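Comments concern the structure below.
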Amino acid sequence: MRKFRVVLGPSPVHFPDDTALRVRGSKVTVGVAMEPYLAVDGLSKSYDGVPAVRGLSFTISPAETYGLLGPNGAGKSTTISCLYGLVRPDAGRALIGGLDVRTELRRIKALAGIVPQDDCLDPDLSVEENLWVYGHYFGIESGEVRRRADELLRFVELADHRKKKVPELSGGMRRRLLIGRALINQPKLLILDEPTTGLDPQARHLVWSRLRELKRRGVTMLLTTHYMDEAQMLCDRLAIMDHGRMSVESTPRELIDRHVGASVVELHAPPPGAARPFSEAGIETHEFEDIVYLFPRDQTPDVLRKLSETGVAFASRPANLEDVFLKIVGRGLRD
Amino acid sequence: MIDARYVARVWRRNAVVWTKYWLGSFVGTVGEPLLYLFLLGYGMERLIKEVEGMSYSRFIAPGLILTASMYDATFECTYASFTRMTKQNTYRSIISTPVNLSEVVAGDILWATTRGVISAVLVSALLALLGLLDSPTLIFMPLLALLCGALFGSLAMVATGLARDYDFFTYFFTLVVSPMFLFSGIFFPLEGMSGWAVALAESLPMTWMVRMSRVLAYGRMDPAFFGDIVKSILSILVLFILSVRLIERRLIR
Ligand SMILES: Nc1ncnc2c1ncn2[C@@H]1O[C@H](COP(=O)(O)OP(=O)(O)O)[C@@H](O)[C@H]1O
Ligand SMILES: [Mg+2]
């Protein structure tokens, strides 16, 4: 849920979607303002003239988990990299905790935890040394960093592997260590770029459970993913982006309701024209390869009855975020 | 823009890693100069009775001290730093913390300098024990090694900023480092060579280093000494700033 709060006096951050009511001629501004913890406004970035992010804007409230979804090359990693100085945006700005990324980068990096898309653990160090040394970069003194490391090793279930060298770790262990490492400075904001890509189901579930735990503790999170189940489970709100732009943004439930409806009917290898009566009746249909998808909304019982009369192979199931994603982004391959 | 506390944290990371293999690191850095000293020195002394009024071994000894520093700092800021910057993504992960990229570069150079100083201390102690060098001013050699390490660390970092792959360092070593080693007055006096040769040698920072190391090793002042110090410090500044620019251009898009 978004948290709204009444702010007396100038609100700390001003954004176009702030519903601030200004009293003309008065110094006091009274308004109902959402105070975002992270705010990105008009962010644009091109690489050698090729746009990667084009005028992206979004905000994240404190303690909210926000997802950036999109096919490969949509601009998710570029957006995230702009937030901690790895990429310098061509235009637009980003504020984190009221600090401007352009001028207060050091302070922003001190309060953020970053789990990058590709592995960048220190292979010259053991598991526990990775945490200690990373903690030292933040200036955390030795006793404290060891205490935190012990706690984090338990949290990401690596306590039994603390003396191992990084190259000996499995993919899942490395990702858990990356997450543990990003927590060493007790970040207010955790940024995760595809935290579960390439992990086996057990490892993914462990990562999800830890992220939910962090969410309960009130950590604000920004994550990118192209797993829809992950986004649906973890994100309070999410944006689907494509070609550097935001296509839609809302809660997972609202996106499903708005774009697909409660259920989806799939016709499996239907004879040509089998879907035509439905589309003529105003039902949204999508054809891809050998499957036709129907989004019948309130006509579901009707559609199911008619289908059972025709003898076409079909299946009915609850709609999910993947339906929304594929509808918006399209089903063509992106490499 | 550069905060020494953050530089120290990067330095410390390298020191932690070094404690795992420190013994092995001495084999090359101390062993190599001693090979030159004993094999080349011994061999040449049969041909050369005296250079500038001293034995050939004593003549090449001061330069060999800083050769250790030069090679240490150069290896550290080429192969090792390049690996951290590219393959291991270590630079990227450090700049995700409050440490800035310029501080990462400075930390690596400072670490390379440290290695150079340690080697210079070991080699000069050995040479003193062997009785080849005996001036009390030898005590100041670590300070000179500091300049030498910082200069060659920064120069190597510029190469790292330019390198596309490891092959680049082969060129760097063959075209820059080796000429520096062979043509800086370590093995033969530069006095009396033709004008262009002297001008070439004078353009090599190692020539300044070798001249300064003779001042400290023999306790014999040279009129160029303070000029050499100033030139070295200015070169370090220019090379360091250049290397930061180059590496920023690579890592920050
Ligand atoms: N360092 C880079 N240099 C040039 N092009 C890049 C670079 N990083 C990303 N791109 C391009 O920018 C676009 C967006 O990439 P990215 O932000 O990585 O997308 P995503 O994370 O959503 O897959 C892609 O077309 C990609 O090829
Ligand atoms: Mg990406």
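The values are calculated or read from the model by the stated rules, or taken from the named source; none is laboratory data. These numbers were taken from a predicted model, which means no experiment stands behind them. As a convention, Cβ positions derive from the backbone with ideal geometry for all residues, glycine included, and neighbour counts pool all protein chains shown. Ligands, DNA and RNA are stripped out before the accessible areas are found, and what is left, the full protein with its side chains, is counted by its heavy atoms. Shrake-Rupley method; radii C 1.70, N 1.55, O 1.52, S 1.80 Å.
At-a-glance table
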quantity	calculated
Euclidean distance of C-alpha centroids, segment A:69-143 and segment B:161-233, integer Å	41 Å
With DNA, RNA and ligands ignored, accessible area of B:Tyr36 (1.4 Å probe; Å², nearest 10)	70 Å²
Per-residue [θ]222 nm for the protein assembly as shown (sum of -39500 (n - 2.57) over DSSP H runs n ≥ 4, rounded to 500)	-15000 deg cm²/dmol
Between 0 and 90°, nearest 10: helix A:300-310 axis offset from chain A longest Cα axis	50 degrees
In sequence order, calculated HN-Hα J values of segment A:268-273 (Karplus, 6.51, -1.76, 1.60; Hz; x Gly/Pro)	9, 6, x, x, x, x
Number of partner chain Cβ atoms within 10 Å, mean per residue of B:9-16	4
Cα→Cβ-extended label distance, 7 Å offset, between A:Val312 and A:Asp118, nm	4.6 nm
Average accessible surface area per residue within the protein assembly as shown, 1.4 Å rolling probe, Å²	45 Å²
Antiparallel DSSP beta bridges within chain A, as percent of all bridges there, nearest 5	70 percent
Residue mean of other protein chain beta carbons inside 10 Å, A:178-191	1
Peptide A:117-123, shielding by other chains (average Cβ, 10 Å cutoff)	5
Backbone HN-Hα couplings from phi across segment A:226-237 [Karplus 6.51/-1.76/1.60, Hz, Gly and Pro as x]	10, 9, 6, 5, 4, 5, 4, 6, 9, 8, 6, 9
Rounded to 5, percent antiparallel among DSSP beta bridges of the protein assembly as shown	70 percent
Solvent-accessible area of B:Leu242 with every protein chain in place, 1.4 Å probe, in Å² to the nearest 10	80 Å²
GluC sites (Glu not before Pro) restricted to segment A:232-294 and DSSP loop, no more than 15 other C-beta within 10 Å	A:Glu289
Inter-label distance, nm, simple model (7 Å from Cα along the C-beta direction), A:Arg154/B:Val121	4.1 nm
Long pairs among A:Lys306/A:Lys327; A:Lys215/A:Lys327; A:Lys109/A:Lys215; B:Lys20/B:Lys231; A:Lys164/A:Lys215; A:Lys45/A:Lys327, criterion Cα-Cα beyond 31 Å	B:Lys20/B:Lys231
Accessible area that becomes buried as B packs against A, both chains, 1.4 Å probe, Å², nearest 100	2600 Å²
Axial C-alpha extent at least 30 Å, average Kyte-Doolittle at least 0.5 - helices from chain B (DSSP)	B:101-129, B:141-162, B:225-251
Theoretical gain in end-to-end length, B:Ala15 to B:Met1 [0.36 nm per residue, Cα-Cα removed]	2.7 nm
Whole-percent carbon and sulfur share, accessible surface of chain A, 1.4 Å	52 percent
By average C-beta atoms within 10 angstrom, highest first, the peptides B:134-142, B:102-110, A:177-185, A:86-94	B:102-110, A:177-185, A:86-94, B:134-142
GNM flexibility winner over chain A from A:Asp323, A:Asp41, A:Asp160 (Cα, springs under 10 Å)	A:Asp160
